[in-house]
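Input: a single structure, listed below in structure tokens.
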Amino acid sequence: MILAGFSEATNTCHRINKRMNDFHRLNRRQWFGATASAVSLAALGRVRQVSAAAPARPRVAAVITEFTYRSHAHVILENFLEPYLFNGKVTESGMDVVSLYVDQFPEGRDMARDIAKQYGIEIFPTIAAALQRGGNDLAVDAVLSIGEHGKYPVNDHGQMMYPRKRFFDEIAAVFRQSGRSVPLFNDKHLTYRWDWSVEMMQVARELKIPFMAGSSVPLAQRRPPFELPEQAVIEEAVSIHGGGMESYDFHALEVLQSIVEARRGGETGVSEIQVLEGDAVWKAADEGRWSYPLAAAAMRAVEGKDVGPLQNYTEPGDSKVHPIHVILIKYRDGMKATIVRIGSSATRWGFACRLAGQPEPMATSFYVGPWQNRNLFKALSHAIQSHFREGRAPYPVERTHLVTGMLAAAMDSHFEQNKLLATPQLDVAYKPIDYRAMREMGDSWKIITEGTPEPKGMDSSRSRAKL
């Protein structure tokens, strides 16, 4: 057996040399896959014989609204089509995007057709055809549903009516007809309506769909380092951002939920929600309805210094005080939380909480990396790929289901002149999963630095790392 293993290893080394001699005929993406595979085979050859048939690479269908520069389709799919950096290491998806459904092709901005041609991906006219690859049965091993960006109507509550529910329904129909399901990722919140979110979760359970969803921001590097103590009792928490209502409130809610779900007892749901704006925000703080000191601590963690009175806060280089709003949240177990929109930075994410028995708050920021929010999606893509390989989400889809309901209730409150709303429907209970292995811890930003030019097309930043 030892001699057999040695012989196999020797033969494998010859194969490595041949692959290296053929390097000039390979592009960098092909070279990375070839050499990584060969080195892996050589290592296996030292201890046992290697199977002649390598395991098949999972086939992925992508169902997207549009593929334009810096759209979610762009910044997720580039990490499936090219190797990427995760925690400072060159990482390859190990899977192939084999089909696309594209809902919209914006004139002058569309990248879908060029990318499809460049990477040999067929674009199909329907979602079913993309999943069946022109046949009559499910012909992929995983599905990416990216329903973000594009021109879609806005309802009277101020919500963009992205077609995520339609995408899900058409994907689920193929699963049902085929008699089997494959892992599915739904980008951002499930949909803009709570009843539709409930229906999606019910169908996912019925069809046994390995289901994952959510935001990229909870996977960002935490500065300063922050871990919630085990069995922590959180009395109150604040999550801050500087983006728009609804679209960025969602991310701040996911940041909040990704931490507080690990409190003692796990998640039990939300009992009431209210949106406040303008002077009513500061009046509510004076009344003790939300914690100004926690918001100040979160801002201090983001900026690295005290920013002064929050009422007068302006972004560096911007003299304008932008409109502020908060979402006040009361949980069923009595914990209070607040989402605070302050300023106008789309890359500012902060969190602070007060634990029972501890006078000083815990606070951190979520650093997105260079290139604004684009690099957030490397860690998210890594987590999605783990989901596709394992058939198990690295964190609960119930988190995003609850956030979907919280966000819908907040927009209802806003529509009803910022009314306080009871939310008995948000009785979503679940246990957290330790997802630290999916988080970016900061080593990637030693390679992609603030001075690194952002590529206009697909990211080839791996060329700056040692392969």
(request) At a Cα cut-off below 14 Å, give the aspartates and glutamates reachable from residue 151, other chains included and same-chain residues fewer than 8 away excluded. (result) 66, 103, 107, 110
(message) Quick check on packing: order 235-242, 155-162 by the mean number of other C-beta atoms within 10 Å, highest mean leading.
(response) 235-242, 155-162
(message) Going through the cross-link list 305/378; 283/330; 188/378; 165/188; 208/378; 117/456, which pairs have a Cα-Cα distance over 20 Å in this structure?
(response) 305/378; 208/378
(request) Taking the Cβ of residue 142 as the centre, find all other residues whose Cβ is under 15 Å away and add up their charges (Lys, Arg: +1; Asp, Glu: -1). (result) +3
(message) Report for the chain the percent antiparallel among DSSP-assigned beta bridges with both residues inside it, nearest 5.
(response) 55 percent
(message) Full-extension gain between residue 322 and residue 180, please, as 0.36 nm times their residue separation minus the C-alpha to C-alpha distance.
(response) 46.1 nm
(message) If you take every DSSP beta bridge fully contained in the stretch 59-214, what fraction is antiparallel? Give it as a percent rounded to 5.
(response) 20 percent
(request) Taking the Cα centre of the stretch 59-214 as origin, sum charge times position over the Cβ atoms of Lys and Arg (+1) and Asp and Glu (-1), and report the length of that vector in debye to the nearest 20. (result) 220 debye
(request) Only residues of the stretch 86-120 count here: report those whose backbone N is under 19 Å from the spot 7 Å along Cα→Cβ of residue 152, or say none. (result) 100-107, 110-112
(request) Run the dipole for the chain about the Cα centre, Lys and Arg Cβ at +1, Asp and Glu Cβ at -1, nothing else charged, and hand back the magnitude in debye, nearest 20. (result) 1860 debye
(request) Beta carbons within 10 angstrom, averaged per residue: use that to sort the peptides 218-225, 107-114, highest first. (result) 218-225, 107-114
(request) Could you rank the peptides 171-184, 311-324 by their average count of other C-beta atoms within 10 Å per residue, with the highest value first? (result) 171-184, 311-324
(request) Grab the beta carbon distance between residue 305 and residue 333, set R0 = 30 Å, and tell me the FRET efficiency rounded to 0.05. (result) 0.30
(request) Could you let me know the centre-to-centre spacing of the stretch 376-412 and the stretch 306-362, using Cα atoms, in angstrom? (result) 23 Å
(request) Between residue 312 and residue 358, with labels modelled 7 Å along Cα→Cβ, what's the label distance in nm to one decimal, could you check? (result) 3.2 nm
(message) Within the stretch 64-93, list the residues whose amide N lies under 17 Å from a label point set 7 Å along Cα→Cβ of residue 446.
(response) 85-91
(request) Count the net charge of all other residues whose Cβ sits under 12 Å from the Cβ of residue 341, scoring Lys and Arg as +1 and Asp and Glu as -1. (result) -2
(message) Using +1 at the C-beta of Lys and Arg and -1 at the C-beta of Asp and Glu, which of 411, 229, 81 has the Cα lying farthest in the positive direction of the dipole of the chain?
(response) 81
(request) Obtain the nm distance between the two label points defined at residue 228 and residue 89 by a simple spin-label model: each point lies 7 Å from its Cα along the Cα-to-C-beta direction. (result) 2.7 nm
(request) Add +1 for every Lys or Arg and -1 for every Asp or Glu among the other residues with Cβ under 15 Å from the Cβ of residue 373, and state the total. (result) -3
(message) Given the DSSP H assignment, sum -39500 (n - 2.57) over each helix run of at least 4 residues in the chain and divide by its residue total; what's the result at 222 nm in deg cm²/dmol, nearest 500?
(response) -11000 deg cm²/dmol
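Taken together, the values in this text are just the output of simple stated rules run on the coordinates, not laboratory data. Everything quoted here is computed from the prediction, not taken from an experiment. Methodologically, a virtual Cβ is constructed for each residue, glycine included, from the backbone with ideal geometry; neighbour enumeration extends over all protein chains shown.
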